[in-house]
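Here is the structure we will look at, set down as structure tokens.
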Amino acid sequence: MIQSGYSQKLSGADKFQLLLDWQIRSSLSKHAGKDSREGNVIRMSIEVNGKIELNSLQQVIDLPFLTQINSLQIKTGFLQSPAWNYNGLSNPVEITEHHVNENSFIPDEVFKRDITISSGKLIHIDLVQGKTNSILVFSAHHALADNQGIQSLIKTIGGSLKPGDSPFPVEPDNGLTFVQQLLHVLKATLLIFRKSPLRLAKLPQTGISKTAFSVLRFSKDQTEKIESLAVKNGARLSKSVFYLAATTKAMRETFFAAERKSFLVVAPQNQRLRGTKNMALGNRISFLFYNIPFKELDKTDNATAFISKQMMEQAKQEMPKSYSHFMSAVRFLPLPVYNFFYKLPTLGAVSSFLFSDVGDTLQGMETFMGKEILEVLNFPPNACPPGLIIVFMKHGGAYKVITTYNSKAISKEEISKFETALTLLLLQ
């Protein structure tokens, strides 16, 4: 239970997600108008074998834990770090029911629903009733939860995880002096300057962002082969570098075939400590930064080695830790000023695309409300900026690749060519 008057300051990563939300809304308000989609909203869907009734789901989500975190608000002040506050309200999580004529289909309107940070309702559930199965889509503002956080929410609702005494992990005291924190900020800033290529490969600026999704599925046998090939291609410490190498190579062959530049790729790194899985809220991520010239993408094994070297160098220099300090140190800045410092190293460009390998999703959870879970999908937030997000995930021993993209900049045909190229590179 959360006591009235509860307050917990945002992590640096929470404030970063607020920044992305501000960027998206600023861009869309200028260009897209009513044609725009939601802001910085993270979603996860689960499809179950059979039907879940609306009344039964409403009873399941009638949890004080859930209604309270749904009612959290952000309090800010002049030169103060923003904080989550609970004022005693208990807004129930709303459920919207949809009826479709086929299984495994999510209506487009689900992804158009917005969640604003000032709404007082930070979580939403869509219940999609197919021909024989149900899909539940859990949505939350990204400042409230990262990928691990929304998994914890779903497990808590499903009864396979007990809520923690506090929804947020306690923000640790880093014990650093102002000078030490400043040195970390300078270290992180210099890294981004050093990684930012002079000729950055990026999508054309269309002036309008319209987010679309595509899902590439692999079988269990294909997944085992992919993991074996990752090691064979040199990805021994982290298979993610092989997936990133294949992704950038496939992109060079499709979306960016006419260019001769370098990719700047930003990849989140999970900073959640062990023992905090039942603490659903608060983003606990930092980032790795990869500069990948097109000339390094001729062979997958060479590209894997090139990316792996950068990953190990940043890990050795504790760059994710420094970047976490950077995000925490600038929390007090107004969002437009924060945005200036964030974009300064890359001269206004966020990155060529965002890449994430979230690994096993909802691991250990096989049923929801007594029904077998058939499929789980991670849906990244609005693709603007930078217009393209790639997520590798695994569920039930099988990989899926979800691409979130700006359909005004990339066509379905190009996405199809990209997925064909990526499949060949992952399985060859």
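The values are calculated or read from the model by the stated rules, or taken from the named source; none is laboratory data. Just so you know, these numbers come straight off a predicted model, no measurement behind them. FYI the Cβ positions are ideal-geometry reconstructions off the backbone, even for glycines, and counts take in every protein chain you see.
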Out of Ile106, Ile117, which single residue is assigned to a loop (DSSP other than H, G, I, E, B) and touching a helix residue (DSSP H, G or I) at 6+ places or on another chain (Cβ under 7 Å)? Ile117
The lone condition Leu203 fails out of (1) surrounded by 19 or more Cβ atoms within 10 Å (Cβ to Cβ); (2) modelled with pLDDT under 80 is (2)
Of all residues in the range 179-210 being assigned to a loop (DSSP other than H, G, I, E, B) and of a type in the set (A, V, I, L, M, F, W, C), the one that is farthest from Tyr290 (Cα to Cα): Ile208
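Do you know which of the residues in the range 41-99 that are of a type in the set (A, V, I, L, M) and free of Cβ contacts under 8 Å to residues at least 60 places away in the same chain is nearest to Glu372 (Cα to Cα)?
Taking the candidates together, the pick is Ile95.
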Could you tell me which residue of the range 38-51 is farthest from Ile389 (Cα to Cα), considering only residues that are buried (at least 20 other Cβ atoms within 10 Å of the Cβ) and not polar (S, T, N, Q)? Glu47
Name every residue in the range 227-250 that is at pLDDT below 95 and within 22 Å of the chain's Cα centre (by Cα), in order of residue number. Ser238
Quickly run through the range 43-61 and pick out the residues that are in contact with an Asp or Glu (Cβ under 7 Å, 6 or more places away or on another chain) and of a type outside the set (Asp, Glu). Val48, Asn49, Leu54
Strands (runs of 3 or more DSSP E) lying entirely in the range 329-428 (those with 3 or more residues that are surrounded by fewer than 16 Cβ atoms within 10 Å (Cβ to Cβ) and in contact with a Phe, Trp or Tyr (Cβ under 9 Å, 6 or more places away or on another chain)): none
Reported set for the range 233-250 where residues are in contact (Cβ under 8 Å) with a residue 24 or more places away in the chain and either among the charged types (D, E, K, R) or over 21 Å from Ile292 (Cβ atoms) (or both) is Lys239, Lys249
Residue among Asp126, Asp108 that is in contact with a Ser or Thr (Cβ under 8 Å, 6 or more places away or on another chain) and among the acidic types (Asp, Glu): Asp126
